[in-house]
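Contents: one structure, followed by commentary.
The values are calculated or read from the model by the stated rules, or taken from the named source; none is laboratory data. What you are looking at is a predicted structure, and each value in this text was computed from that prediction instead of being measured. Quick reminder, even Gly has a Cβ in these numbers, built from the backbone with ideal geometry, and neighbours come from all protein chains shown. What goes into the accessible areas is simple: the full protein's heavy atoms, side chains included, and nothing from ligands, DNA or RNA. Shrake-Rupley method; radii C 1.70, N 1.55, O 1.52, S 1.80 Å.
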Amino acid sequence: MTETDNKIHLVSLGCARNLVDSELMLGQLVGKGHDITVDPVDADVIIVNTCSFIDSAVDESIDTILELAQNKTSGNCRRLIVTGCLPERFREKIAESMPEVDFFLGTGAYHRIVDAVEKNPGENRFPCILTSPESAPFQNSDALRVRTSPYTAYVKIAEGCNKKCTFCMIPKLRGGLRSRNDSDIVAEVLLLKESGINEITLVAQDTTCYGIDLVSTKRLDYLLESLAAVSDGIWLRMLYGHPESINDRMVKTVAEHSNICSYFDIPIQHADNSVLKRMGRRYTSDYLKRLFDKIRSSVPDASIRTTAMVGFPGETDKDFQTLLEFIEEMRFDHLGVFTYSDSDELLSHRLSDHVDHSVAEERYNRLMSCQADISLENNRKHIDRVCKVLVESGPVNGHYIGRTSFQAPEVDGITFIRSDEVEKGSFVMVKITDAFEYDLTGVPV
Ligand code: SF4
């Protein structure tokens, strides 16, 4: 099967960084003359770009693969390809257990997707390209990319991570930190802006570590300055910061540029010092309080998102209470909560006193309900304020859907705009008329 005009259907699972890889893989294939179809039944080739950093992600990846594999009997599918973190984590083991899959590409082999589609897998029973994660070259700024959103785009500024959090699989799946060349990132942002993108979200495993592996002293603040200079009229945003590596210069740079969203995504994971120590996180709750106080005093309209994990091995009721009280005190704008996901590949697996899943679930529910009240209280502060909103879809029942600068794509709430005449993809000034736990409503002014 070497034709070059296959209909390709791709499903992208997992995080924004995976979505960038998916969009670039589709770009390579379209560049070779293949077409894209949104209908898996109609596809000659189906690609599943997977996630595997926690158990529920592994389950979702396997379920999606098995479901789409049915198209090999009921649809036109002649080749099923699995890429990303699932084959990277389980390697030949997953290949042996999934005979319905024709090709596996690890996280170091996205640039080989055309081979996987066009080349004959030959006699190899389990055709896998599983090179080391570090071997994946960064795509050039002008690489063809099939974007999944017309108005907003993620830009990957680095790959991998040098930190050793004991609960985290990512360094194994994505390798050590490799930062992209800053001029290449600036060139990509310029191209995206010229193509009509109004919001660019910078992503990496740890964006705040950008540049520490580069010979130059160019760090995230330097990159933000360069990007802000070429991004007039659009929004720049960052996700996936780290408390240890965010510094005053970065906060100052955000404060000094109106086109950089005053949005800080800084996962704390926990707030009890003994739990943080066992997680391999080198900060304390006092350090966190000083950090968030500094951000709020330097950037008055700062919006802060964080992530917390419950059920980490050895977490006692008292440790959880410390976390709950910290969340109540800090009153974050957005909070994501995960229950600990164990694996014998993790350092944390060897720790004692693993927490029962039902206890972790109960703690998850208590933290989410605590945050729901805080989020509602924070959202109510926006009533009667006029906010700049990026209109993304609609109208549906007389409402368009958009996001403010303090609402990140896919992870935060949205803003409903009561109107039947705003332009999608544009920025509109909206007077907020009502607030809910996660969403806002308003009218254009
Ligand atoms: S910093 Fe983030 S990506 Fe890196 S090891 Fe820790 S949790 Fe994982």
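As for the stretch 231-245, it holds no residue that is open to solvent by 20 Å² or more (accessible area, probe 1.4 Å), in a helix (DSSP H, G or I), at pLDDT 95 or above and more than 16 Å from the ligand (Cβ to nearest atom). Taken as a whole, the stretch 174-182 holds at least one residue that is within 12 Å of the ligand (Cβ to nearest atom), open to solvent by 10 Å² or more (accessible area, probe 1.4 Å), in contact with a strand residue (DSSP E or B) (Cβ under 7 Å, 6 or more places away or on another chain) and in a loop (DSSP other than H, G, I, E, B). Within the stretch 255-278, restricting attention to residues that are out of contact with any Leu (no Cβ under 7 Å at 6 or more places or on another chain) and either assigned to a helix (DSSP H, G or I) or not assigned by TED's automatic domain parsing to the domain that holds Thr339 (or both), the residue that is farthest from the ligand (Cβ to nearest atom) is Glu256. Please verify whether the stretch 327-336 includes one or more residues that are crowded, with 19+ Cβ neighbours inside 10 Å, in contact (Cβ under 8 Å) with a residue 60 or more places away in the chain and not assigned by TED's automatic domain parsing to the domain that holds Cys15. So far as the stretch 327-336 goes, yes, one or more of its residues are crowded, with 19+ Cβ neighbours inside 10 Å, in contact (Cβ under 8 Å) with a residue 60 or more places away in the chain and not assigned by TED's automatic domain parsing to the domain that holds Cys15.
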